[in-house]
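Nothing in this text is a laboratory measurement; each read-out follows from the coordinates by a stated rule. Predicted model only: the values in this text are computed from it and were never measured. Neighbour counts run over all protein chains shown; Cβ positions are idealised from the backbone, glycine included.
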Amino acid sequence: MSGLVNTLFRTVILDNAAYEEWRERPNLFLRGIVLILVVSLVAGLVTFAVDLVNRLKPVDLDRIEEQIDESFEQQFKWNPAWQDMEPEAQEMMDKTMDVIVPMVADLAEIQAPLPHSVGGLFGGIGSWLSRALSAVGGWMFYGALVLIVANLLGGSARLPDFLGMVSLYVIPGLLGLLGPVPCLGSLLGLIGLVWGIVVYVKAVSVSTGLDSGKAVLAVFAPFIALSLLAVLLAILGITWLIIVL
Amino acid sequence: MNDIVGSWRLGWDALFFKEDAYEGMRTSANPVVKGLVLIVVVGVVIALSNLIGTTLEWASIPDLNQIKNTVFRYILQMPWWDEVLREAPDFPQIFKEWYNRGWDIFPWLFGAPNVGKAATGIILTPLGLAIRWLIYGLLAYLFARWLGGTADLSETLGVLALAVAPQVLNLLSLLPFVNLGVLVSVWGVLCAYVGLKTAHKLSWGRAVWATLLPFLLGLVVLILATCLGSAILGAAVKGGLS
């Protein structure tokens, strides 16, 4: 176990021998799945805990009222449309809020067949697991596209081995554990993302035999192609709507 | 029983892209029957787990009818309600009709748990999987042969039945609110790719095309149908306005 952890740590600092060691391990694809799941679950622990607490605590009406007031203040401060609002419209909005707050209170009183705490626990665990499973889905989808480009650029690797190798990119994502910390969390998340991309490029290079330049191209080409496709589809959709309507 | 166990074992190996599993299915005595058995068993098992998960989800959320009635009661107290009523006396009836219609559609659109629908899945899930398998299998076979593949239709259907293996991940829906996202679909497509590549002895590039062309064909048909539908709708709207 300590040998495995040591190998994984050394892949993060881009040690060539560690990548070779990882590649030689049996059932690389299964190891990749486990690695992505474990790291995603660990990285999401704090978010899970915060989410769970929010789900389990009772509805705080005063807090909701405060939040609504704060958002209104922000709108009046920054939104020109709100600043020019007629006094009658503003009065109507205030009266609407007077209705909405007790409505939220009544809605919060509606009971589910299972106790609120059990439902909250199910919801929290469900979101936590779903995020980890999405990470596995994203890893497979993007990995398959990168492998196509890598093959087109002259590299070669078997699909399961390739996916197992590039799963290493997820390790720097452990920095996401501190994601909910204000300011620092976002910064660490960004560092984890960039570091993860660097590990991905290295893993592509090792598993397909491409040089670093081509490996960078293989990693970024699917992202660029997908972005262009999305823009193209949006333009086509809007054009079609203009023609039809 | 041995057939079912054998199919499960092949499905498990296929999940991890082991080419031997696909080759084993291709060379088996009856790949279509074996594949169909696997699909039906997987379909029924995941539908049962989905039924349990959906029931737990339903029991974890407040009654939607009560929410609907509570919101409506407060809408009647909104300051704008009386003003609208003065200007359009028949507004409440029209509003209530649309409100009810919205509550019929939106919870369903946003995935509110529906135990009845989950129960029908015990029949519809294996049926849907089998229909998808047959249509995709036929198209993939035609494209693979066109691209120089060597397997026959029953061998192709056999290996593509193994692409249903990732559906077992839907067993996780036993836990309420777990969403698998694109995982099952992507994994299934990758299994289909390995299956077509192995059975038809195609190069990686041709196998990618054979795997994706049925989807691209489906996409083109969908886009054409959407264009036609929106053109008819647009013409109807214009006609109505004029």
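Let a ≥ b ≥ c be the square roots of the eigenvalues of the Cα gyration tensor of the stretch B:1-128; is it rounded (a/c under 1.5), or, if not, prolate (a/b larger than b/c) or oblate?
prolate
Do any chymotrypsin sites (Phe, Trp or Tyr not before Pro) in the stretch B:96-167 lie in a DSSP loop with no more than 10 other beta carbon atoms within 10 Å, and if so, which?
Passing both the DSSP loop test and the Cβ count: B:Phe110.
Answer with one residue from A:Asn27, A:Phe48, A:Gln67: the one whose Cα lies farthest towards the positive end of the charge dipole of the stretch A:27-68, charges on Cβ with Lys, Arg +1 and Asp, Glu -1.
A:Asn27
Take the Cα atoms of the stretch B:73-186, find their three principal axes, and give me the spread along each one in whole Å, biggest first.
That gives 75, 34, 23 Å along the principal axes, largest extent first.
What do you get for Rg/Rh of chain B when both radii come from the Cα atoms and Rh is the Kirkwood radius?
Checking Rg against Rh, the ratio lands at 1.14.
What percentages, rounded to whole numbers, describe P(r) for the stretch A:27-114 computed over all alpha carbon pairs with 5 Å bin width beginning at zero?
Percent of Cα pairs in each bin: 3, 10, 12, 14, 11, 10, 10, 9, 7, 6, 4, 2, 1, 0.
What FRET efficiency would be calculated for the residue pair A:Leu178, B:Arg73, taking the C-beta separation as r and a Förster radius of 35 Å, to the nearest 0.05?
My answer for the efficiency is 0.20.
Would you mind pulling out the separation of the Cα centroids of the stretch A:118-183 and the stretch A:8-72, in Å?
When both Cα centres are located, 11 Å separates them.
How would you rank A:162-171, A:211-220, highest first, on the average number of other Cβ atoms within 10 Å across their residues?
Final packing ranking: A:162-171, A:211-220.
What's the average, rounded to a whole number, of partner chain beta-carbon atoms within 10 Å of each residue's beta-carbon in B:100-111?
So the per-residue partner count for this stretch is 0.
Along the principal axes of its C-alpha atoms, what lengths does the stretch B:89-139 span, in descending order and rounded to whole Å?
Sorted largest first, the three principal extents are 59, 26, 15 Å.
Please determine, in degrees from 0 to 90 and to the nearest 10, the orientation of helix A:45-56 with respect to the longest principal axis defined by the Cα atoms of chain A, where the helix direction is its Cα long axis.
Tilt of helix A:45-56: around 20 degrees.
To the nearest 20 debye, what charge dipole does chain A have about its Cα centre, counting +1 at the Cβ of each Lys and Arg and -1 at the Cβ of each Asp and Glu? Could the numbers behind the result be given before it?
Values: 13 positive and 22 negative charges, 381 e Å.
So the dipole magnitude of chain A works out to roughly 1840 debye.
Per 10 Å bin from zero, what fraction in whole % of the C-alpha pairs of the protein assembly as shown is there, up to the bin with the longest pair?
Values per bin, smallest distances first: 4, 14, 21, 24, 21, 11, 5, 1, 0.
Given a cut-off of 25 Å, name the pairs among B:Lys18/B:Lys117; A:Lys57/B:Lys117; A:Lys57/A:Lys95; B:Lys18/B:Lys201 whose C-alpha atoms lie farther apart than that in the structure shown.
Pairs exceeding the cut-off: B:Lys18/B:Lys117; A:Lys57/B:Lys117; A:Lys57/A:Lys95.
Per-residue mean of other chain beta-carbon atoms within 10 angstrom of the beta-carbon, peptide A:138-149? Walk me through the numbers on the way to the answer.
Values: counts 4, 2, 8, 8, 1, 2, 5, 0, 0, 3, 3, 0.
Mean partner shielding for this stretch: 3.
Which of rounded, prolate, oblate describes the stretch A:134-185, given a ≥ b ≥ c as roots of the alpha-carbon gyration tensor eigenvalues and a/c under 1.5 marking rounded, otherwise prolate only if a/b is larger than b/c?
Because a/c hits 1.5 or more and a/b exceeds b/c, the stretch A:134-185 counts as prolate.
For chain A, what is the convex hull volume of its Cα atoms per residue in Å³?
Numbers: hull volume 55.3 nm³, N = 245.
That works out to 226 Å³ per residue.
In vacuum, with every alpha carbon of the stretch A:152-218 counted as one equal point scatterer, what does the Debye formula give for log10 I(q)/I(0) at q = 0.15, 0.22, 0.23 Å⁻¹? Two decimals, please.
Computed log10 I(q)/I(0) values: -0.52, -0.82, -0.86.
Over chain A, what relative contact order in percent results from Cα pairs under 8 Å that are six or more residues apart?
Once divided by the residue count of chain A, the mean separation gives 29 percent.
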